[in-house]
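Undergrad: Got a structure for you, questions after.
The values are calculated or read from the model by the stated rules, or taken from the named source; none is laboratory data. Being a predicted model, the structure only gives us computed values, none of them experimental. For neighbour counting, all protein chains shown are included, and Cβ atoms are generated from backbone atoms with ideal geometry for every residue, glycine included. For accessibility, only protein heavy atoms count, side chains too; no ligands or nucleic acids. Shrake-Rupley method; radii C 1.70, N 1.55, O 1.52, S 1.80 Å.
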Amino acid sequence: MSSAIMTGAIFTLLVALFIPETVPMYFSLKLSLGVAIGILITGLIGSLIPIWIISKIDPVSVIGG
C-alpha cells in the first residue's frame, strides 16, 4: 500500500513539473502528507477488520470435522 502512495506522489511531482504556469493548480506538501497518512490508516483499519472476523471462525467447524 505504501508503494502505491509513493507512486502517486511521484506522479504528482511529475505533473507539477510539466504543467504550464497558466494552469491554476497548487500542490500543498502538508495536505498531501495528511492525505497519505489518512490513506495508510484507513487501509490498515480496513485490513484488520476481516482478520479479526476470520480469527473468530473455528477451522474445524468450517471443514466439517
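Undergrad: Please report how far the C-alpha centroid of the range 46-65 lies from that of the range 1-33, rounded to the nearest whole angstrom.
TA: 40
Undergrad: Taking the mean number of other Cβ atoms within 10 Å as a proxy for protection, how do you rank 18-28, 34-44 from highest to lowest?
TA: With the highest mean Cβ count within 10 Å placed first, the list reads 34-44, 18-28.
Undergrad: On to the next question. Can you work out the Karplus-derived ³J(HN,Hα) for every residue in the range 4-16? Use 6.51 cos²θ - 1.76 cosθ + 1.60 with θ = phi - 60°, whole Hz, and x for glycine or proline.
TA: 5, 5, 5, 4, x, 5, 5, 5, 5, 5, 5, 5, 4
Undergrad: Here is a follow-up. (i) 20, 39, 24, 12, 5, 0; (ii) 19, 24, 16, 15, 12, 9, 4, 0; (iii) 17, 30, 20, 15, 10, 6, 2: which one is P(r) over Cα pairs in 10 Å bins from 0, in percent as calculated from this entry?
TA: Recomputing P(r) over Cα pairs in 10 Å bins from 0, in percent here gives the entry labelled (iii).
Undergrad: Taking all protein chains in place and a 1.4 Å probe, what share, in percent, of the accessible surface of the chain do carbon and sulfur account for?
TA: 78
Undergrad: If the elastic network links every pair of Cα atoms under 10 Å, which of SER32, SER55, SER47 fluctuates the most in the Gaussian network model of the chain?
TA: SER55
Undergrad: Provide the gained length on full extension for the span LEU29 to VAL60, in nm with one decimal, where the gain is 0.36 nm per separating residue minus the Cα-Cα distance.
TA: Residue separation times 0.36 nm, minus the Cα-Cα distance, leaves 6.1 nm.
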